[in-house]
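Report on the following structure.
The values are calculated or read from the model by the stated rules, or taken from the named source; none is laboratory data. These numbers come from a predicted model, not from an experiment. As a convention, Cβ positions derive from the backbone with ideal geometry for all residues, glycine included, and neighbour counts pool all protein chains shown. These accessible areas exclude ligands, DNA and RNA; they are computed on the full protein's heavy atoms, side chains included. Shrake-Rupley method; radii C 1.70, N 1.55, O 1.52, S 1.80 Å.
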Amino acid sequence: MAGRFRGAKGLVLGLALVAACGAAFSQISFAEPWSGGARTAQGAPPIFLPPEQPGLKPQPARESDGACGFPWTYSRGLRRCVCISDGYNLQGGNCVRDGASASCRDDERWSPKRGVCVCAKGLKRDGDVCVGDEPVTAVATPDAGPAPAPSAAPDDAQVQAISRVQSCLTELGYYKGPIDGKRGRETWTAYWNFKHEHGLAAYSDFLAAPVQQKFASLCKGPETTAAIEPTAQPGDGTEEGAAPGSEEGVPLVPITSLDIDCLPDDLLALLRRAHGQGVTTARCETACLPTPKGLDQSHLDELQAKNGVVWCRGCVPIEGHLALDDVKRIERAGNLQLCATPPLQLPRHGIGAGAGAAVKSYTKVRALYRALPPAAEDAQAVAVIIGNRSYTKLPPSETSQNDAGAMYAFLTEHLGYRQANIIDVRDAKKADLERLFGASPGAEGDLARLVRSQPGAKVLIYYSGLGATDSAQREAYLLPVETEPYREEFAGYKLSTLYANLARLDAKSVLLLLETEYGRDHSDYVLPPNLPETTNTALPKAPVPALTVLVASDRGQRTLVDTTYDIGLFTRYLIEGLAGSADLSPVGNGDGKLDNAEIYVYTAAMVRLAARKTFGLLQNPVYSSAATTVLTSAGTTPAGPN
C-alpha cells in the first residue's frame, strides 16, 4: 500500500513539473508587449526600447567600440581592444597613423583602397569638412545639363592625370616609384612631402586646381593639369584655383626697379667705368656688422683697426636667421634696423634645422624665373656644369648638387641652352677635369673640341665644390672628389691652367662662375665676421681677353648658404641677376640686355646685403674682366622673388 502511495505521489509531482515547464514555455514564446517592452526569459525587469526603434532586440551586455577609444577597435573574439583601423599601425604599444595617412585630419582616416583621406566613421563630407550624418540644407546650382553616360573615359583621364603628377614628382626628386597612374602609398608620401614644402598643406587631393597649377609652374613637358575636375579644396571662401597664402592667386606683375636704393663705393665705381659717368645711383654709407657673441671689446677694437670693420651700435639684435625679404619687411614696418647676432662658431650647413639636416629640393629655385618668358633656343650657347659634393677624404660640399642642378635647370628651361650643348658632370675626379679642360697649359680638352664645332660659341662654365690654395699661397685649385687634406698641389686642378686653356678657346665670350672658396680650412663652421684668411687671389693675375670670371668669395673667405632655396648665396643671386634683375635700376640701364658688369654688381650687392642681414657676416664676391661684354638678353623681370 505504501509503495502504491509513493508511486502516485511521484506521478503527481511529475505532472506538476510538466505543467510548470509548459507555463514557462508559453511565457517565453508568446509573451505580449508590456509597457512598451518585452519580458526576459528569466523574469528580470523589462528592458525598454527607444520608441523610434521598436524592432530592435536587446543584446547581451559587452564592451563597445567606443569604450576602446578611436582608433582602437574592440574584438569580441579576443575580448580586448585591437589596432586594425585603416591607416593605423601598432607601434610601441600605441595605435598610430602610418606614414601615408599622416596628412589626414583628425576627423579623417586614410583609405588604402581609394588612396585618399576619407571621413571617419559616422561622418560624411560637406565640402572640405567632415560633419555628422544629419540632414543638411541643399544648395541650388545652375543646371549643367544632363549627366554624361557612364563610360570608362573618366577612369582613363584620371589615370593619365595621376601619371602626370607622378612624372612631375619624379622630376622634382620626390617620387621614385613606377609611373603607373595609381594612388599608391609611394605617390601619396611623395605628394605629402611636396605639398608641405610648397605651402599647399591644406590640399589633401593632388588633383585640386591650385596644386595642379603649382605642378605646371615647376615641371616642364606636357600640361600637368588633370583632365578631370576634382572638388576644389579647401572650402574656406578663397577664390577657386587660389591656394590660401600662395603666390598662385596673385598676378605676377613685372617690376621696373630693384628693392635697393644705393650701392657701395667699389661697385658704383665699376658700374660707372662700364656705363659711363651718367650713372646716378646713390652711394651707400659704410655698412656695419653686429658684434659676435663672446668677443671682448679689445678683440672687437683690433678687428676694427686692422680690417676696417664697423660694428653696429643702434640696431635691434636678433638670434636665428631670417631671409633677406623678411628682414626688410620687418625693418620697414617697425622703422628700425635688425642685427642677426652670430655666435662664435656658426655652422655653414643645416642652419635652422641643425647641422647635417638634409637640404631642401633645389627645384624651388624655379620661382626666381618661372614668370619670365623663356629665351629662344641658342645653338651657339655651350655650357659646362660641375657639381662636386661627395668628397672621399674631405667634408662634403653640402649644396653643390643643388647648385649644379639649379643651374642646369635654369640654362635649359630659361636661357635657351640645348641639352646636347651642355657637359654635365657630378663628383668629378682630376682625370675628369683634365679631360674637360686639358691636363696642362695649352692642352686641348673636350670643351675645346665642342667649341670648335660651334663657330661663334658663347661659353658658360659653372663649378660648385671645394677649392683651396697651397701652403705657399701662390696657386689656387679646384678640388676633385678624391683630394686628400693638405695635398692640393698633387690632387687639385690649377686655376692657372684653366685660365690659360680658356684663353685659347675660339669663342665669342667665356663666362666662368665659381661657387667655391679658396682657403686652407674646410670645416663645417664659420668664424665671424668671416674675414679673408689668406693673401692669394683666385682671379687671373691679369684680365684675360673675352674671359669674365665671377667668384663667390676670395682669399679664404667662407661661402654662405641661402636659407630659402638651400643653394649657395652666390648662386641664388647669380641666377636671379641672369634672369633679368641685373638690368633693373639702380644697377642696370634697362636696355633689355645684360652685360658682365651689371651681372657682377647685382650679384655682389645682393650677396653682401643678404650675408650681413641674414647671418651678420661678410661675403664679398670678386670679378675679373678685360672689357664690358653683353652676355644675354634680360627679358621681363618677375615681381615675386625680388
If we ask which residues in segment 508-531 are in contact with a Gly (Cβ under 8 Å, 6 or more places away or on another chain) and touching a residue at least 40 places away in the same chain (Cβ under 8 Å), their number turns out to be 10
Of the candidates 586, 621, the one satisfying the condition of being closer than 20 Å to residue 328 by Cβ, in contact with a strand residue (DSSP E or B) (Cβ under 8 Å, 6 or more places away or on another chain) and either surrounded by fewer than 24 Cβ atoms within 10 Å (Cβ to Cβ) or touching a residue at least 40 places away in the same chain (Cβ under 8 Å) (or both) is 586
Of the residues in segment 466-480 that are of a type outside the set (Lys, Arg) and surrounded by fewer than 22 Cβ atoms within 10 Å (Cβ to Cβ), the one that is farthest from residue 397 (Cα to Cα) is 472
Note on segment 292-325: residues open to solvent by 40 Å² or more (accessible area, probe 1.4 Å) and either touching a helix residue (DSSP H, G or I) at 6+ places or on another chain (Cβ under 6 Å) or closer than 30 Å to residue 593 by Cα (or both) are 321, 325
Residue 483 being within 29 Å of residue 520 (Cα to Cα), among the β-branched types (Val, Ile, Thr), crowded, with 22+ Cβ neighbours inside 10 Å and at pLDDT 95 or above: yes
Given (1) within 20 Å of residue 397 (Cβ to Cβ); (2) surrounded by 23 or more Cβ atoms within 10 Å (Cβ to Cβ); (3) touching a strand residue (DSSP E or B) at 6+ places or on another chain (Cβ under 7 Å), residue 498 misses just (3)
Q. Farther than 26 Å from residue 126 by Cα, charged (D, E, K, R), at pLDDT 80 or above and crowded, with 21+ Cβ neighbours inside 10 Å - does that describe any residue in segment 180-198?
A. no
The lone condition residue 534 fails out of (1) open to solvent by 20 Å² or more (accessible area, probe 1.4 Å); (2) touching a residue at least 12 places away in the same chain (Cβ under 8 Å); (3) of a type outside the set (Phe, Trp, Tyr) is (1)
When (1) at pLDDT below 95; (2) open to solvent by less than 20 Å² (accessible area, probe 1.4 Å); (3) acidic (Asp, Glu) are applied to residue 566, the one that fails is (2)
Residue check for residue 369: touching a residue at least 24 places away in the same chain (Cβ under 8 Å), aromatic (Phe, Trp, Tyr) and over 24 Å from residue 558 (Cβ atoms): yes
